[in-house]
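The structure that follows is given in the form of structure tokens.
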Amino acid sequence: MLDALGLDNLEETVYRQLVAAPSANLEELAEAADLDTYAVSAVLSALEGKGLVARASAGQDRYVASPPAVALGALLVQRQDELRRAQVEMTELAGLYRGSVARRDVADVVDVVHGTEAIAQRFAQLQYSAKKCIQALQKPQAAVVTREDADEAERAAIERGVRHDIVLERSVFDTPGIYETIDSGLEIGIELRVVPTVPLRAFIVDREIALIPLMNGEHNTVQDALLLHPSGLLDAIIALFDLIWTSAPKLVATPEGTVETAADRLEPLDTKVLSLLLAGLTDASIGAQLGLSLRTVQRRVRQMMDRARVDTRLQLGYEAGRRGWL
């Protein structure tokens with residue numbers, strides 16, 4: 001757990017041994033840590049250099065741990081300073097990058113990533129850098145990272161509050177073990193939808209950058225990918241995702257643990273709000289009828305408009321009829 005402060009596993013093990021003891025010599029530490037004395041001696045030298053251990057006053061052959069609140073606190077402050085400096089540097093680099101993007105010509109808005117390892121690395125970088133949302137169009141046989149690595153990255157992103165919206169091509173369900181993967185995804189908050197086919201594979205991060213894996217038809221593997229920067233081409237990929245997502249039925253887990261498709265439907269309360277709205281009632285009257293505040297009614301109507309991707313209430317009525325919400 002102390003690797004974030006620059007300690008490796010051996011250093012942490014020996015330091016913990018000393019924290020739990022009044023003092024210890026080289027042989028005692030080696031026995032407790034199941035290490036040879038040469039290894040422990042090197043670790044103690046490293047810990048001394050970091051201010052985490054000192055020689056006991058009772059004898060030069062015995063060691064004591066420095067108080068964790070003091071010694072580790074100093075390391076923590078040092079790391080925080082390093083992070084702040086890195087944050088400043090990142091902000092400056094981001095400004096330079098935005099300036100260079102503005103000067104790019106058509107050929108520069110797409111980077112070609114060659115090789116499975118490079119694609120997997122770029123995929124992981126995008127996943128861990130996400131701040132708001134990850135959107136994906138997924139076809140079978142297009143994995144660029146292992147399932148374990150993908151699960152770890154997804155959980156880390158969701159813990160940061162990153163929304164995951166993923167559209168699956170129906171043929172994905174032919175993949176062995178896919179139902180367990182889908183169940184675990186639904187459990188951690190990923191929203192999944194399914195369509196008969198998706199036209200391409202896409203991985204969109206914060207609607208600002210996208211990775212497009214390219215399938216090698218001969219070997220049935222992903223060997224190359226396109227990295228799309230802000231441009232009209234990226235806008236087109238995002239619009240394509242939005243179009244597919246809007247009409248795709250949602251996947252939900254049943255109490256029995258199976259997965260079934262569910263139509264794009266509203267919550268019961270939203271259905272009542274929408275029904276009264278289309279009947280001509282004002283927001284205040286709807287609130288009085290349903291026991292809701294005016295602000296709550298307006299917020300729920302706004303959410304339905306955002307979900308339907310419309311700008312007016314008249315358009316909302318049309319979309320509600322087209323989607324079968326009422």
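How do the peptides 198-210, 118-130 rank, highest first, by the average count of neighbouring beta carbon atoms within 10 Å per residue?
Sorting 198-210, 118-130 by mean packing, highest first, produces 198-210, 118-130.
So, one more: Any lysines with Cα under 20 Å of the residue 139 Cα? List them, leaving off those in the same chain fewer than 8 positions away.
Correct list for residue 139: 250.
Just so you know, all these numbers are worked out from the coordinates, no wet-lab data involved. Keep in mind the model is a prediction, meaning the values are calculated, not measured. Note that each Cβ is placed from the backbone with ideal geometry, even for glycine, and that neighbours are counted across all protein chains shown.
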